[in-house]
C-alpha cells in the first residue's frame, strides 16, 4: 500500500492510499482522527453505481464517523469507477442512463432495467470483483496503526450493496452492516446474491426508499426477508432512490456504536 | 385535576393525578425531572390493549425520556383499562384471549380476529372515547408548571395507535408521533381510521413487527402507506407483536429530539 498524500482539516486526517490487489491498483481514502493511533472501530464505505470514493455523501459520512464517534472510515473506487474508469465515454453513458432512469416515469417501477444482457453480465462481474477485492483491501488497511484490528463495519447501499453484501457474508471480520436500496429482482446472478443474503449472520440495518424508481417495493421487501441475520431492521422512507433523509445518519451512527462499540479514548 | 401522590426516585419525580373528563375520572401519571419547572418537551404515552398506565414498558420509557433528555412524560389509563376496569372478569378474559392469540399458530396470520361483532364495536367505541379524552387531558396537564406549553409528542403502538392516531390527527398541539403495531384490516370503523391516517401531517415513526401474530404484513404496510405526513419512516423488525427490540428506544429518543427539540436547561 502506497500513501499518496495526506491532509488534515477540522480534526479529520484524510489519507489517499493506493492498495495493490492482484496487480491492480485500487485507489482508496482512509479518514481518522488527527493524531490518533489504533485499534479503533472502522467503517468500510462502498459507493453507489457511477459514483466514486469521494462523492459528497461518502465524504460527509466518513467525516461524521470521525468527528462524532472517533471512528476511522475507508472508501475505495469500485472496479470501473472513479480513477479506475478505463473508457470515459462508457462511464459517461452509464451516468446519463442512470440519470434518465431516475428522472423517468415511476408509475411502472420496472424491476428489470432496460439494459442488454451483456451489460448486465459485465455489471455482475464487476460487483463480484469488487466484493473479493474488499477482503484484500481490509488485509492491508488493518496494518495501518490508526486502524489495526478494528472492529469493522460496512456501509453501502444500491451498488454498494451489490458489492458489499457478498463481501460481508464471506468476510467474518465485518461485525455489522448498513445495506439497502437494492432488491431481489431476477437479474443475472440473483441466486448467488440470495444465497449470500441467507448466509448473513451479523446485524444489518437495511435502508429502503418507498418510491424507488429503480426497483419494486416487493423486490426490496424480498431482499430484507432473505437476510439470514437474527438482528435486522428495515427503515422505509418515502421518496425516490437518491432521497434517503439525512436524519438517517443518526441511525447509522447509533447502529455502529451499538455493534462496534465506542472508540477507545487512548 | 387532583394530585394523588408524588414520589421521586433517581432524579425522576412521578406524580399520580386524577384528571376529570366529562364527569369521569381518568387516572394518570406525570413524570418530570426532580425540581424542574416548564415549559418542557413532553411525550404523551398510550398503553396497549389489556395494559395500563404503569406497565413496565411505559414506565421505563417515561423514565428514559426524563433521565436521558430532561423531558416530561404522561400516561393515563385508557377507557376500560387499569383502574378503569369495571368488570374484572371481562378484563381477565380479554387478557387471556390476547395471550392465546399471541401464543397461537402464526402460519395463517389472520387479519380478522376471532371476536364477535359486538365485542369489536365496543373496542372501537372505547378507542373513540380514549382518543377524544386525550385532548381534554392535555388541556389540564399543560396547566402544570413542570410541563406548560410543551411542545408535545405522542407515543403509542397497538391499541395505543388505535386510540392515538385519531387524536394526533385531530389535535394540532401534537408535533410528532411514534405509532405502529397496527394495520388497515377491515375492522369496524376502518374508513374513519384510514381517513385520520390520511389527514396526518406531523412526522411519524411507524414501528412494525415482521412476524406479528395479530395482523398481516400487508395490513401494516397499507397503514404506513395511508399516513399522509410528508416525513414518515417505518421500522420493521423480525419477531412477534410484543418483540420490538429494546434498541428502538434510541430511535424514539432521536426522533423526539429532532422534532420537539432539547429541553431548556433553565
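Whole angstrom only: what separates the Cα centroid of region A:1-55 from the Cα centroid of region B:46-82? Value for the Cα centre distance between the two parts: 46 Å. Mean separation of Cα pairs under 8 Å and 6 or more residues apart, divided by the residue count, gives region B:135-246 a relative contact order of 23 percent. Computed over region A:187-266, the quotient of the alpha carbon radius of gyration and 2.2 N^0.38 Å is 1.26.
Put the Cα centre of region A:150-167 next to the Cα centre of region A:222-263 and the gap is 12 Å. Using the alpha carbons alone, the radius of gyration of region A:52-181 stands to its Kirkwood radius in an Rg to Rh ratio of 0.99.
When the convex hull of its Cα atoms is viewed from all sides, the protein assembly as shown shows a mean projected area of 26.5 nm². Distance from the A-onto-B rotation axis is smallest for the Cβ of the chain A residue given, in whole Å, as A:235, 3.
Our compactness index for chain B, the C-alpha radius of gyration over the empirical 2.2 N^0.38 Å, is 0.96.
The relative contact order of chain A comes to 19 percent, based on Cα pairs under 8 Å that sit 6 or more residues apart.
I need the shape label for region B:111-201. Rule: rounded when a/c is under 1.5, else prolate if a/b > b/c, else oblate, with a, b, c from the alpha carbon gyration tensor. Prolate. Plainly put, the tip 7 Å out from Cα toward Cβ on residue A:228 is 4.6 nm from that tip on each other copy, the closest given first. Between copies, the label points of residue A:85, set 7 Å from Cα on the Cα→Cβ line, lie 6.9 nm apart, reported in increasing order to one decimal in nanometres. Considering helices alone, the calculated mean residue ellipticity of the protein assembly as shown at 222 nm is -12000 deg cm²/dmol, with DSSP H runs of length four and up weighted by -39500 (n - 2.57) and normalised per residue. Distances, shortest first, from the label point of residue B:101 to those at the same position in the other copies read 4.3 nm; the point lies 7 Å along Cα to C-beta.
No value in this document is a laboratory result; all are computed from the given coordinates. Source: prediction; values computed, not measured. For neighbour counting, all protein chains shown are included, and Cβ atoms are generated from backbone atoms with ideal geometry for every residue, glycine included.
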